[in-house]
Amino acid sequence: MADDTTEGRASVSPVRPAVLAIRDGKGRTMTTDPWQGDACSLVDAMRAGTITPTEAVDQSLAAIAASGLNAFSHVDADAARATAAAADTSLPFGGLPLAVKELDPVEGWPYTEASLVFAERVSDHDSTMVSRLRGAGAVLVGQTTASEFGGVNCTNSKIHGTTRNPWNPERTPGGSSGGSAAAVAGGLVPIATGGDGGGSIRIPAGFTGMFGLKSTFGRIPKGPGALQPPLTVVLGCVARSVRDTARWFDVCNGFDPRDTLSLPRVEGWEAGLDSFDLAGRRAVISVDLGAAIVRDEVATLVTQAAEALIADAGLKRVDVVVNLPQGGIVWAMSNLVGLAGELGDRYPECTDDLTPEIQLGMNIATHNYNVRSAGDNEMFRIEVNEAMADIFDQADFVFAATNPDVAFDAAGPLPTTVGDVDLIATYGFERAVGNNGALTIPANLTGNPAVSIPVGTVDGLPVGMQVIGRHHEEQLLLDLARIAERERPWPLVAPGAPA
C-alpha cells in the first residue's frame, strides 16, 4: 500500500525497515553490525569472535548512559562486566546483555515494583525466570521501568518518572513492560523480560514495533512466592525477532513446584520453528474483537496485513462472529485483590504515594468489591471463556489489532479518544477508559496465547497486529509470525537508535 499523505489524512505505511537487516533462508537475522541485529545474531557473533561479551556489555552500558528514554531504573555495571568477562558463549544466551523488568525480582537489586510504597525494598532472591536466564549465560545489565504494579499501559510512575518511545520521545512505549520495549527498540539491549497480565507485553510491543508473545497461562513459572489468582499474568520477553522469542521459551518454560499452576516443560521451541504446515487452517479477521473502538487507519493497516499473511500462509479465511464481552472491570478488580494483599496494612495510609490510576482502582475496589461482586466476576470469566471457546470451535487463528490507536502522550493520561471519536461522549466513561486494553485483556482472562506482530506505521508510529491462538499452540503462532517476518521484515530497532 502506498503512503497516504493527502492533506488532512493520516500517513499510513506498511512495514518498511528503518534499519536494514538481511535474513538468511531460514529467517535468521544477519547484519553487518551485530549490535543492531537480534539477540541470537549477537550470540552468534560472540561465538564467532566478531565481538566479545565484554565489548557487547560495554556497548549496552554506553547506550543506556547516553539514552534520553528513561528506560532503566537501575543499572548494575560492575556485576555485568564481571559476568561478561567469565561468560560461556556456548550457552543459549551466553554473554548476551539482557535487561529485567522492575516487576521481576533480582537478588540484590531494588524491588520497588515501580512504586514509592516500596522505594526502599531490595529483593533477596531471583525469580525462577531470572534464575533460568542466568543459567543460560545471560548478562543482566539492569532493570527496566514499568508502570506501578503493572497496572497501566503507560510507563509513567511517581518513583521513576516518564519513559519514552524511541520512535517518538513525546509518546509512550506503553506498559506495563514499557521500559523493556523502549530499551529493545531503542538499541540499548537486544532483549528484555516482560510480563503480560492484560496486554503488558503485546501493548508495548505494538507501540514500539517489536515482537511480543503472550503465552498460554502457566507456560513460564512465576515463583518463588507466586500469587495464584488472578490467573491472568504470564511471563515472557519483548524481542526483535521470532527466533529470539523461541530461544527464550526454550530457556525459561517448564514446571516449577513454587508455581503450582505452571505447565510441564515443552522442548524444541527454536529447533521446531518452520515445522508446521499451516495451509488450510482457519483464520478469522476481527480487528476490534467486537469489544474495542479502533482508529480507522489502524484498522485498515491491520486488515491488509492480516489478509496478506493469510494468503502467504495458505490459511483459509472463515466468517465467524467475534463479539467478546468487555472484561476490563473484572480484570481490574481481580488484579486489585492481589495488590490489596501486597499493600496490606500500608493502605490507605500510603494512598498519596500511589499513582492516580492505582489510587482510583484501590478506592473503587475497597468500597465496591464484595462477595457478590467476586461471584459475578467468576460468572463473567465463564462467559468470556465460553465465547472464546466458541470462536475456536470454528477457527484456528483470530486476527485483530493489538492497540486501538498508535502510542499516546508519554506522560498520559490514558486516551479517551480514538481518531476523531470522543469515547466518553459517545460510549460513557467506563467504556472509554476500558478501550485501552479491550483488545488484549480477553486473552488474559481466558489464558489463550497471542502474539503482536509489527505491520507498519500510522503517522510515523508503529502498529501491531495481534493474532490469538488456541491454548498450548504458541508454536503455531510463532510459525505464523515467522512467515510475516520473512515476507515483510520489520525494523529491528527504531529509526535513530544507537549503532
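Could you say whether any residue in segment 164-171 is within 11 Å of the chain's Cα centre (by Cα), assigned to a loop (DSSP other than H, G, I, E, B) and over 26 Å from residue 89 (Cα atoms)? Break it down into steps so the answer makes sense when it comes.
So the first thing to find is which residues in segment 164-171 are within 11 Å of the chain's Cα centre (by Cα), and the list is none.
Within segment 164-171, none of the residues are within 11 Å of the chain's Cα centre (by Cα), assigned to a loop (DSSP other than H, G, I, E, B) and over 26 Å from residue 89 (Cα atoms).
Report, ordered by the first and then the second residue, all pairs with beta carbons closer than 6 Å, sequence separation of six or more or different chains, a first member in segment 41-65 that is without any contact (Cβ under 8 Å) to a residue 24 or more places away in the chain, and a second member that is in a helix (DSSP H, G or I) and crowded, with 19+ Cβ neighbours inside 10 Å.
Correct list of pairs: 41/34; 45/34; 51/34; 51/45.
Tell me which residues, restricted to segment 343-357, are surrounded by fewer than 15 Cβ atoms within 10 Å (Cβ to Cβ) and either part of a helix (DSSP H, G or I) or of a type outside the set (Asp, Glu) (or both).
Within segment 343-357, the subset surrounded by fewer than 15 Cβ atoms within 10 Å (Cβ to Cβ) is 344-346, 348-349, 351-352, 356.
Across segment 343-357, the qualifying residues are 344, 345, 346, 348, 351, 352, 356.
Which one of 243, 265, 295 is at pLDDT 95 or above, under 28 Å from residue 391 (Cα atoms) and touching a strand residue (DSSP E or B) at 6+ places or on another chain (Cβ under 9 Å)?
295
Output the number of the condition that residue 409 fails; it satisfies all remaining conditions of (1) within 21 Å of residue 146 (Cβ to Cβ); (2) surrounded by 23 or more Cβ atoms within 10 Å (Cβ to Cβ).
All conditions are met except number (2).
Checking residue 127 against (1) of a type in the set (S, T, N, Q); (2) out of contact with any helix residue (DSSP H, G or I) (no Cβ under 6 Å at 6 or more places or on another chain); (3) surrounded by fewer than 23 Cβ atoms within 10 Å (Cβ to Cβ): exactly one of these is not met. Which one?
Evaluating residue 127 over (1) of a type in the set (S, T, N, Q); (2) out of contact with any helix residue (DSSP H, G or I) (no Cβ under 6 Å at 6 or more places or on another chain); (3) surrounded by fewer than 23 Cβ atoms within 10 Å (Cβ to Cβ) leaves (3) as the failure.
Is it fair to say residue 245 is out of contact with any helix residue (DSSP H, G or I) (no Cβ under 6 Å at 6 or more places or on another chain) and buried (at least 23 other Cβ atoms within 10 Å of the Cβ)?
Details: out of contact with any helix residue (DSSP H, G or I) (no Cβ under 6 Å at 6 or more places or on another chain): yes; buried (at least 23 other Cβ atoms within 10 Å of the Cβ): yes.
For residue 245, the condition - out of contact with any helix residue (DSSP H, G or I) (no Cβ under 6 Å at 6 or more places or on another chain) and buried (at least 23 other Cβ atoms within 10 Å of the Cβ) - is met.
Among 392, 380, which is part of a helix (DSSP H, G or I), closer than 24 Å to residue 150 by Cα, among the aromatic types (Phe, Trp, Tyr) and more than 22 Å from the chain's Cα centre (by Cα)? Before the answer, list the steps.
On the way: 392 fails: closer than 24 Å to residue 150 by Cα.
Going through 392, 380 in turn, the sole match is 380.
Being in contact (Cβ under 8 Å) with a residue 12 or more places away in the chain and within 25 Å of the chain's Cα centre (by Cα) is the filter; apply it to segment 357-376 and report the residue that is farthest from residue 413 (Cα to Cα).
My answer is 362.
Considering only residues of segment 48-91 that are buried (at least 16 other Cβ atoms within 10 Å of the Cβ), among the charged types (D, E, K, R) and not in a loop (DSSP other than H, G, I, E, B), which is modelled with the lowest pLDDT?
Checking each candidate, the answer is 58.
Taking segment 454-491 as the search range and keeping residues that are in contact with a Leu (Cβ under 8 Å, 6 or more places away or on another chain) and among the acidic types (Asp, Glu), which one is farthest from residue 246 (Cα to Cα)?
487
The values are calculated or read from the model by the stated rules, or taken from the named source; none is laboratory data. From a predicted model like this one, the values you see are computed outputs, not experimental measurements. All Cβ positions, glycine included, derive from the backbone under ideal geometry; neighbour counts span all protein chains shown.
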